[in-house]
Each structure stands twice: as C-alpha cells, then as structure tokens.
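What follows is a short report on a single structure.
The values are calculated or read from the model by the stated rules, or taken from the named source; none is laboratory data. Being a predicted model, the structure only gives us computed values, none of them experimental. Virtual Cβ from ideal backbone geometry, glycine too; neighbours counted across all protein chains shown. SASA here: full protein model, heavy atoms, side chains in, ligands and nucleic acids out. Shrake-Rupley method; radii C 1.70, N 1.55, O 1.52, S 1.80 Å.
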Amino acid sequence: MPESVLFWIMGPLAVVAAVGMLLVKKAVHSALLLAWVMVTLAFFYIAQGALFLGIVQVVVYTGAVMMLFLFILMLVGVDAADSLTETIRGLRPIAITAAIGFGGLMVSLISRATLGREPVGLDAANAAGNVQGLAQLLFSTYVWPFEVVSALLITAALGAMVLAHRQREVARPSQRDLSEQRFRSGSLATAAGLPGPGVFARHNAVDVPALLPDGSAAPASISETLRTRGDMIDSSEFQLDQVNTEVREEK
Amino acid sequence: MLVNNGLVYLIALPLFGAALLLLSGRRADRWGHLLATALSGMSFILGAVQFYQMLGRSPENRAVSQKLFSWISVGSFNIDAGLLVDQLSICFVLLITGVGTLIHIYSIAYMDHDKDRRRFFAYLNFFIAAMLLLVMGDSYLNLYVGWEGVGLASYLLIGFWNHKPAYATASKKAFIANRVGDMGLSFAIMIAFATMGTVSFSGVKEAAEGTSQGALTAIGIMLLLAATGKSAQFPLQAWLGDAMAGPTPVSALIHAATMVTAGVYLITRSNFIFDAAPTAQLLVVIVGAITLLFGAIIGTAKDDIKKALAASTMSQIGYMVLATGLGPVGYAFAIMHLLTHGFFKAGMFLGAGSVMHGTGDEVNMRKFGGIRHFMPITFATFGLGYLAILGVPPFAGFYSKDKIIETAFYAGGIKGILIGSVALFGAALTAFYMSRVMILTFAGTPRYDINHPPHESSFLMLLPMGILAIGSVASGFLLARGEALVHWLEPLFEAHEGHGKEILPPVVISLMALAVVIIGAAIAWFKYGRGTVADTAPTDVSIFTRIARRDLLQDDFNESVFMRPGQALTRLLVKTDDVVVDGTVRGVAAAALASGSSLRSTQTGFVRSYAALIVIGAVVLIAAIWAVTL
Amino acid sequence: MNPTNYLYISALLFTIGAIGVVVRRNAIVVFMCIELMLNAANLSFVTFARINGNLDGQVVAFFTMVVAACEVVVGLAIIVTIYRSRRSASVDDASLLKR
C-alpha cells in the first residue's frame with residue numbers, strides 16, 4: 001500500500017519532469033529535471049528491494065554524473081543550440097510519431113504479456129541482505145564481467161584524459177607578452193583593459209553594462225557569455241542623469 | 001676435357017668494344033672504328049692460337065672448355081655458363097673472327113661518310129661477341145643466349161638506317177621471322193629438359209640413347225624450326241631478301257657468311273639427335289631441297305644485286321641444310337660448304353658493296369653494265385667468287401658443292417636420285433643467275449649515267465675483298481686435300497660407314513655438275529650477254545617471271561595467311577579487351593558510382609536524422625514482435 | 001502493487017528519452033536524454049529482478065550504471081573537444097560526414 005502511494009505520486013511526477021526536460025530552453029534546467037527523474041528512480045529501486053542500487057543511483061548518477069554534466073555545461077556555456085525551433089524540416093513530426101508509436105507498442109506489449117504466476121519478490125533473495133546478495137553474485141558468477149568493466153573504467157578515464165588534453169604548441173604567453181600584445185594590436189582604447197560593468201551606472205551588477213560618456217551602454221563591459229545568453233540589462237534606467245542628483249541641503 | 005680459362009676473352013674483347021663504343025658517345029667517333037677492328041682482330045688471333053694448340057693435340061683431346069660461372073642452380077636443374085671449343089666450334093670461330101675482321105676493315109672505308117659509323121662498329125662488335133657465344137656455348141641454353149644476341153644484332157644492323165621506314169620495317173620483319181624460329185629453339189630446349197633433365201650438349205648426347213623416338217623427333221623438328229628461322233630456310237625464308245636493307249658489310253658478314261649459317265651449326269651440333277630421329281632428318285632434307293630451289297628461282301628474277309645475292313645465299317644454305325640432313329656423311333660437307341661459302345659469298349657481297357660505293361649507292365643491275373673497265377679489281381675478286389660459287393674446278397665451290405651433290409645421290413634409293421637431281425638442278429640455276437648477275441653488272445654496255453662513271457674503291461675496301469677472293473680460290477682445295485676437314489671433324493660425329501651405295505662413279509657426277517653449270521651459264525649468256533639489256537625491267541613477261549619477281553609470293557602468302565588473320569585477331573582481342581574486360585571493370589565502377597550517388601542523397605550528415613532512423617528501425621522491430629505475439 | 005506498473009513507466013521514460021535525442025540540438029541535452037533512456041532500461045532490470053525473485057537483474061543494472069558512467073566521461077570529453085575546435089555544442093554543426 002505505501003508503495004502504491006509512492007508510485008502514483010512519484011511516477012507521474014517523473015514523467016512530467018522528463019517531458020519538461022525536452023521542453024525547457026536552458027540546458028541547466030534540463031539537467032535539474034533529469035536529476036529529479038533520477039532521484040525518483042532511486043526511490044523506485046529502494047522500493048523494489050534494490051537498496052544498494054538505490055544508493056548507488058543517488059551517489060553515482062545524481063551526484064557524480066549530473067555534477068559532471070553541470071560542470072561541462074559551465075565550461076561550454078550556452079549558445080544557439082538552446083533554441084527549440086527545428087532546423088531539419090520534417091524531422092520533428094516523424095521522430096515524435098515514431099517514438100510515440102514505439103512507446104504505444106511497448107505499452108501494448110507489456111500489457112499483453114502474462115507471467116503465468118505471481119511475481120516472486122525479493123524477500124528470499126535478500127534474506128542475507130541486499131548488498132551481501134549482490135556481492136555474492138558479483139564475485140562469483142559475474143566476476144569476469146566485473147573485471148572487464150573495471151578495465152573499461154580505467155580505459156574510459158584514460159580516454160577522457162587523452163581527448164581533453166590539449167597539446168600546447170607555443171609557449172604559454174607570459175604577462176609581459178600579453179601586455180605587449182595588448183598595446184601593439186587593437187586600439188589603444190582597450191589597452192588598459194576593458195571597462196568593468198556598472199561603471200557610471202547606479203547599479204554595478206555584472207549584467208549591467210558600463211555607460212560611455214555620452215550615456216550609451218558599452219557592451220564590451222559585459223562578459224561574453226552573458227551577452228550571448230541575452231542576460232544584459234538595459235542600464236539606461238540607471239543613468240545618472242535620469243536620477244535626481246540634486247544634493248539636498250541637510251536641514 | 002682440357003680446361004682453358006682464356007676462352008672467355010674471345011667473347012669478352014668484342015663485347016667490351018661494343019659496350020665502350022656505345023657508352024662513350026661522340027667522344028669515340030674518331031677512334032671507335034679502329035678500336036673495334038683491333039678488338040675483332042685480337043679475337044681472331046686468340047682463335048688462331050687456340051686452333052694452333054688444338055693441332056698439336058691428339059684428335060680425342062682437342063676440345064677445350066671453360067666454366068664461367070654457375071648460372072642456374074635450382075634443385076636438380078643446374079646450368080653452368082660454360083664455353084666449349086671443339087673441332088666444330090673452332091671452324092666457326094675462325095670464320096667469324098676472320099671474315100668479321102676483314103669486314104671491319106672494309107667497313108672503315110665503306111661507312112666513312114656515315115655520321116653513325118661508331119654505332120655501326122659497336123653493333124658489329126656486339127654481333128661478333130654474340131656469334132662467338134653462339135658457337136662456343138657448351139649447352140643449348142648458352143647457345144640460346146648467343147642465338148638471341150645475333151638476332152638482336154641483326155635487327156639493329158638491318159635497321160641501321162632506320163630513318164627510312166622501309167628499312168625499319170625490314171628489320172622488324174627479320175626480327176619477327178626470327179622470333180618464330182626462336183620459339184622452336186626454346187621449345188626444343190624445354191622438351192630436352194623435360195625428357196632428359198639436361199640441356200648441355202654432352203648431357204643431351206649421352207641421354208639421347210635412352211630417350212624415346214617421339215621426344216627426339218619433337219626436339220629435332222623444333223630445332224629444325226629454329227634453324228629455318230635463323231638460316232632463312234623454307235618456310236621462314238621471307239625475311240632475308242628484305243634484310244638487304246642493312247649496310248652491305250652487314251649483308252656480307254651477318255646475312256651471308258656467319259649468322260644465317262647458325263642453323264647449319266645448330267643441326268650439325270645436334271647431330272646425335274637427328275641421327276636418332278629419322279623423321280626429323282628427312283624433314284631437314286626436304287626443307288633444304290625446297291629452299292635450295294626456292295632461293296635459286298628467286299635469284300633468277302631479281303634485278304637488285306644485293307637481293308639476287310641474298311637469294312643465292314638462301315639457296316646455298318639450302319645446300320648445307322640438305323647435306324646435314326643426309327646424316328653423318330653429310331655433316332662435314334655441310335661445314336665445308338659453309339666455310340667456302342663464307343669466303344666467296346662474303347667476297348661477292350663486298351664486291352657488290354664496292355660496286356654500289358662506286359656508282360652512288362645504285363643497286364639495280366639494269367643500271368650497271370660494263371663496270372669491269374672502271375673497277376678491275378672489284379671485277380677480279382667478284383669473278384673469282386663467281387667461279388667459286390659455280391663450282392668450277394679448282395675453285396672452292398667445286399670441292400664443297402660437288403661433294404654435297406655426290407652425297408645426295410648416294411643417299412640411297414629413289415630418295416637419293418630425287419634429292420641428287422634437285423641439287424643438280426639447283427647447280428644449273430645457280431650458274432644461270434650468278435652468270436646473269438655477272439653479265440648484267442660487269443659485262444655489256446654501260447647503262448649508268450655516263451657523266452658520273454663508276455670509280456674503283458679505296459685500298460681498305462679492296463684489301464678484304466682480295467683476301468676473301470684468295471679464300472674463294474684456295475679454301476676448297478685446302479679443306480678437301482686428303483679429306484682434311486672430314487678427318488678433323490670426325491671425332492664429333494658417329495663413325496659413318498663410308499659412302500652409301502655408289503650408283504654412279506664420283507667422276508661422272510662431277511662431270512654432270514660441270515655440264516649443267518656450263519649449260520646454265522650459257523643460257524644466261526645467250527639471254528643477257530648478247531645485245532643490249534633494257535635498263536628497266538620488262539613488264540610483258542610470263543606469269544612465272546612475275547611470280548618469281550614477287551619472291552614466289554612468299555610475302556603474299558605470309559600476309560594473307562598469318563598477317564591479316566593475325567591483325568584481325570588482334571583487333572578482335574583489343575575490342576574484347578575494350579568492351580568485355582574494360583567494360584566489366586568500368587561497369588562495376590560505374591555501378592558503384594551510380595549506387596553511391598543515389599544512396600548519397602539519403603545522407604544528410606545530421607546525427608539527429610540518423611537517430612530518427614534508428615528510432616524508426618526500433619519501431620519496425622517492436623511492431624514485428626508485436627505482430628508475431630498477437 | 002503490481003510491478004508491471006514500473007515497466008510502463010520505464011517504457012514511457014525510454015520513449016521520452018528517444019524523442020529528446022532526436023529533437024534537441026544541444027549535445028549536452030542529447031546526452032542527458034541518452035542517460036534517461038539508460039535509466040529507464042535500468043528500472044526495467046530492477047523490476048524484472050523483483051518479478052523473478054533473484055538478483056541477476058540488479059547486477060546487470062549495476063553494470064549498466066558503470067558502463068553509463070564510462071560513456072558519460074568519454075562522451076563529455078568528446079563534446080568538450082568538439083566545442084573547443086568548433087565553438088559550438090550543437091550536434092547539427094558537426095555534420096561534415098556528408099561531404
């Protein structure tokens with residue numbers, strides 16, 4: 001009974017979260033929704049007598065893998081890929097039709113399948129404890145796949161290192177080189193560095209562009225990532241001349 | 001067998017000369033011809049030394065050999081590149097280097113105005129080397145190397161003036177006709193190796209005893225094919241006339257005295273095979289008899305002095321081949337005729353060259369006439385050669401040719417009478433056409449441009465002609481005196497039991513031969529010696545004359561039977577290659593290209609569209625499962 | 001409660017993941033959708049283990065998790081590498097295979 005309650009609350013929520021994952025625009029929101037789905041699954045595992053897997057699901061997936069996703073999102077940033085408009089003509093209807101057909105057929109198949117007996121349940125298998133039962137299997141029947149998978153893990157780690165490694169072809173520019181480069185190329189206006197955000201504006205948060213002497217906004221003062229993402233606030237409302245700057249006499 | 005490590009120098013000297021002259025380019029233009037002549041002469045001296053040493057030994061110990069290197073050593077198949085000089089080889093060595101050196105000397109003057117004289121001498125030296133290898137090789141395979149070498153030299157020298165397309169064609173014709181013969185030689189070697197497991201002369205000789213009649217006959221016929229190719233015998237005779245495109249010294253050396261007699265050498269060398277294969281031997285006789293008449297008939301119709309002499313060469317070699325086909329008794333006479341022929345025919349060719357040289361490269365005898373007044377020495381030397389080839393005693397031809405006719409008559413039975421009569425008739429024809437050459441060229445009234453009378457050639461040209469004329473006079477007597485050559489060659493051949501049945505006494509045969517010669521010469525005199533000769537060939541002649549002028553239709557025959565069907569076959573094969581073979585290859589490529597480009601349109605390069613296809617595939621799969629579990 | 005319900009939800013999640021792979025263009029989101037599909041499969045395995053009364057299904061799910069972890073590591077490294085050279089995380093931009 002408690003399991004049914006859990007299922008009928010968490011299950012639809014998980015499905016809604018999964019659908020939302022496809023619909024939200026920002027990848028980071030997708031990641032959070034996915035994390036929710038995974039936590040739900042962890043609950044389901046535990047509810048089905050897979051205590052160890054439930055814990056691992058939380059630790060490995062929601063913890064490590066999702067952190068990795070967020071970390072990469074931070075590295076890669078956001079770009080036009082976040083747009084949800086379809087660029088390949090006809091792909092979306094086809095894909096959705098096919099996938100729904102797939103899902104429908106699966107559901108139909110599952111509903112038609114009969115076991116011919118009652119589900120056994122894991123009470124007997126978990127008699128000595130779920131972790132002990134899994135360990136028994138892993139280190140006897142599945143010891144060879146276990147070892148192979150360990151080799152796969154090491155290989156994957158090495159592969160990721162190799163892929164992410166960048167061979168430096170020229171020496172890392174020193175501060176002196178950067179300084180010279182700044183003065184020798186581009187305009188002298190940027191030689192002293194780009195303007196910081198919020199300058200001459202009354203609001204100096206990072207998403208508020210600095211104001212040029214003529215009162216217009218200076219986009220160069222905003223981080224490129226924020227600019228691309230459109231997280232730039234119109235700073236005109238914070239212009240000094242819009243604000244009453246009259247100094248009042250203290251009475 | 002005695003070993004003499006100096007034999008190789010006989011070949012190495014002229015070969016070195018050829019390489020040096022060819023490689024050193026124009027630098028050698030000034031001295032190249034002298035070097036080549038000197039090297040050829042040194043080769044002759046070495047040969048003469050060998051001969052002298054040979055004379056000092058007993059007949060069984062005369063052969064000397066030298067192993068050069070181990071050439072092929074595969075399992076039980078071992079061939080050493082080795083040289084062998086025995087009584088037969090030394091005759092050839094002396095003829096090749098002797099006549100060769102004389103012709104080198106002659107060529108110095110004859111080719112004086114040719115800017116490619118150095119190249120000419122390089123080829124001549126190369127020919128000498130190859131020909132020496134041919135006669136000195138101790139196995140059929142070594143002989144084959146020399147055989148191909150002389151073929152190459154002949155090709156290069158016939159086409160020496162290859163800027164004229166007709167000459168280039170002539171050289172190709174000679175080469176191709178020779179290739180047909182060479183196939184015979186290579187087949188003979190292969191059969192010999194397959195059946196006997198050896199290709200050396202001594203090995204084959206030993207093994208011939210225990211070999212089947214069929215194999216020996218096959219080898220013999222293949223060797224005969226080789227001989228017909230190289231020696232311009234029927235049916236591969238067609239190239240010799242065109243080979244006269246080469247410079248005259250080449251005609252004298254290669255296409256009269258030495259290379260074309262290689263076939264006779266081959267058959268004589270293989271005597272142990274032919275003696276054991278009567279069928280092949282009979283074929284040799286038939287080929288010789290046919291060629292003898294064939295050449296003589298062509299000779300009667302030719303107006304080109306060189307071509308007339310070439311036809312004569314063909315005919316005379318026919319005599320030699322005929323003699324070799326008569327078995328042990330004939331070999332020595334074949335070689336004797338070969339040697340005397342080497343002298344008188346080379347002498348006559350050089351005489352013809354001298355005449356051409358004196359008349360501005362004119363070869364048409366109808367444009368000569370009465371040249372003896374201007375070129376007395378040429379006339380004398382040519383005349384001595386003429387008497388020799390006719391077989392007038394005591395000139396060289398008398399001793400050699402009469403012996404062949406005699407042996408032919410003694411071959412026994414109807415065969416003897418038949419081939420004896422052919423040989424006798426050939427002698428009459430020889431007398432006719434040689435007298436015709438003689439009369440048209442040297443006698444009668446002048447038919448050349450009177451403003452440019454012929455002039456006698458220089459001393460360098462006359463000297464070899466003189467020496468060869470002496471040979472024409474004396475060689476027959478020297479070789480036949482006390483049967484010197486017969487005894488000299490005796491150790492090589494199976495002992496022969498004297499002559500066959502003497503159906504007529506030798507004296508009668510000699511008188512008969514002399515009589516037909518006189519008749520032939522007299523007919524020529526009556527036809528050409530009296531009155532004037534038209535300076536263009538008359539056209540209102542009988543069909544036989546016309547056929548003879550067309551070389552007895554040999555070229556027409558070859559063209560219609562071999563060349564045109566061959567061309568048609570080649571065209572068909574080319575077409576097949578284009579359409580079927582290339583068509584298949586191109587078709588496969590085109591099909592791959594077409595299918596690729598049509599399949600390409602399904603490729604968008606977008607990962608997501610591929611993913612969509614995977615989803616569709618999964619739907620199909622699930623639908624299938626759904627359907628079958630329904 | 002009938003464990004079959006878990007299978008239904010597993011099928012639904014898998015389908016949603018498949019749609020996401022095809023529809024979304026951001027490589028990272030595509031990747032997350034793949035993770036969703038793997039998780040859906042894992043749920044099925046765990047459910048089957050329960051139905052059959054032995055732990056083999058759970059062991060397989062465990063292996064799937066490990067393989068998924070490897071895949072994430074390598075896949076994300078590839079995304080970073082592509083992003084570094086192309087300045088884009090869109091899967092449509094890496095479409096040079098066509099030419």
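Entry note, chain C: the mean residue ellipticity at 222 nm calculated from DSSP H runs of n ≥ 4, each adding -39500 (n - 2.57), is -27500 deg cm²/dmol after division by the residues and rounding to the nearest 500. Chains C and A together bury roughly 6800 Å² of accessible area, counting both sides, with a 1.4 Å probe on protein heavy atoms only.
The mean sequence separation of alpha-carbon pairs under 8 Å and at least six residues apart, normalised by the residue count of segment B:312-409, gives a relative contact order of 35 percent.
Per residue of A:127-134, how many C-beta atoms from partner chains lie within 10 Å of its own C-beta, taken as a mean?
Whole-number average of other-chain Cβ neighbours for A:127-134 is 1.
With both labels modelled 7 Å from their Cα along Cα-to-Cβ, the residue B:68 to residue B:425 distance reads 4.5 nm. Of the solvent-accessible surface of the protein assembly as shown, computed with a 1.4 Å probe and all protein chains present, 68% belongs to carbon and sulfur. Of the residues B:57, B:436, ranked by 1.4 Å probe accessible area with the largest first, the sequence reads B:57, B:436. Considered as an equivalent ellipsoid built on the Cα gyration tensor, segment B:277-544 has semi-axes of 34, 20, 14 Å, the largest given first. Summarising the strand pairing of the protein assembly as shown, around 90 percent of its internal DSSP beta bridges are antiparallel. Shown here: chain C, whose C-alpha atoms stretch 51, 24, 21 Å along the first, second and third principal axes, sorted largest to smallest. A dipole drawn for segment B:277-544 from +1 and -1 charges on Cβ atoms has a positive end, and of B:503, B:323, B:364 the residue lying farthest that way is B:364.
For segment A:118-132, backbone phi angles converted through the Karplus equation (6.51, -1.76, 1.60; θ = phi - 60°) give residue-by-residue couplings of 6, x, 6, x, 9, 4, 5, 5, 8, 4, 8, x, 4, 5, 5 Hz, Gly and Pro being listed as x.
Farthest toward the positive end of the dipole of chain B, out of B:79, B:337, B:630, is the Cα of B:630, where the dipole comes from beta carbon charges about the Cα centre. Between residue B:628 and residue A:29, the simple spin-label model (points 7 angstrom out along Cα→Cβ) gives 4.5 nm. Electrostatic bookkeeping for residue B:107 treats Lys and Arg as +1 and Asp and Glu as -1; over the other residues with beta carbon under 10 Å from its beta carbon, the sum is -1. Positive-end ranking of B:268, A:219, B:214 along the dipole of the protein assembly as shown, with charges on Cβ about the Cα centre, is headed by B:268.
These residues, B:195, B:359, B:378, go from largest to smallest accessible area, 1.4 Å probe, as B:195, B:359, B:378. The modelled label-to-label distance for the pair residue B:620/residue B:597, using points 7 Å beyond Cα in the direction of Cβ, is 2.7 nm. For segment B:324-437, the solvent-accessible area of protein heavy atoms averages 24 Å² per residue (probe radius 1.4 Å; ligands and nucleic acids excluded). Which of the lysines could a cross-linker bridge to residue B:67, judged by Cα under 25 Å and excluding same-chain residues fewer than eight apart? Within the straight-line cut-off, residue B:67 pairs with B:205. Give the B-C buried accessible area in Å², both sides summed, 1.4 Å probe, nearest 100. When B and C are taken together, about 900 Å² of accessible area is lost. Looking at chain B alone, DSSP beta bridges between its own residues are antiparallel in about 85 percent of cases. Taking amide H as placed 1.01 Å from N in the peptide plane, residue B:71 has its amide H under 5 Å from the amide H of B:79, B:80, B:81, each at least 5 places away in sequence or on another chain. Measuring how big the protein assembly as shown is from its alpha-carbon positions, Rg and Dmax come out at 52.9, 175 Å.
When all alpha carbon pairs of segment B:1-150 are counted in 5 Å bins from zero, the resulting P(r) reads 2, 10, 19, 20, 17, 13, 9, 6, 3, 1, 0 %. Taking the Cα centre of chain B as reference, the dipole from Cβ charges on Lys and Arg (+1) and Asp and Glu (-1) amounts to some 1320 debye.
Starting from the Kirkwood Rh over alpha-carbon pairs, what translational D in µm² s⁻¹ does segment B:572-628 have by Stokes-Einstein at 25 °C and 0.890 mPa s?
Estimated diffusion coefficient is 165 µm²/s.
Surface listing: B:613, B:479, A:211 arranged by accessible area from highest to lowest gives B:613, B:479, A:211, probe 1.4 Å. Here, chain B has an Rg and a Dmax of 30.3, 123 Å when only alpha carbons are counted. For residue A:222, neighbours were defined as the other residues whose beta-carbon sits under 14 Å from its Cβ, and their charges (Lys and Arg +1, Asp and Glu -1) total -2. Calculated mean residue ellipticity, 222 nm, chain B: -23000 deg cm²/dmol, from DSSP H runs (n ≥ 4) at -39500 (n - 2.57) each, averaged per residue and rounded to 500.
Explain nothing, just the number: dipole magnitude of the protein assembly as shown about its Cα centre with +1 on each Lys and Arg Cβ and -1 on each Asp and Glu Cβ, in debye rounded to the nearest 20. Don't skip to the answer; put the middle values down first.
Details: 67 positive and 61 negative charges, 361 e Å.
For this selection, approximately 1740 debye.
Placing a label point 7 Å from the Cα of residue C:56 along the Cα-to-Cβ direction, the residues of segment A:136-162 whose backbone N falls under 12 Å of that point are A:141-142.
Contact order, relative form, for chain B: 12 percent (alpha carbon pairs under 8 Å, 6 or more residues apart, mean separation divided by residue count).
So with the 1.4 Å probe, I'd like the accessible area per residue for segment B:89-241, rounded to whole Å².
Values: 4780 Å² over 153 residues.
Value for segment B:89-241: 31 Å² per residue.
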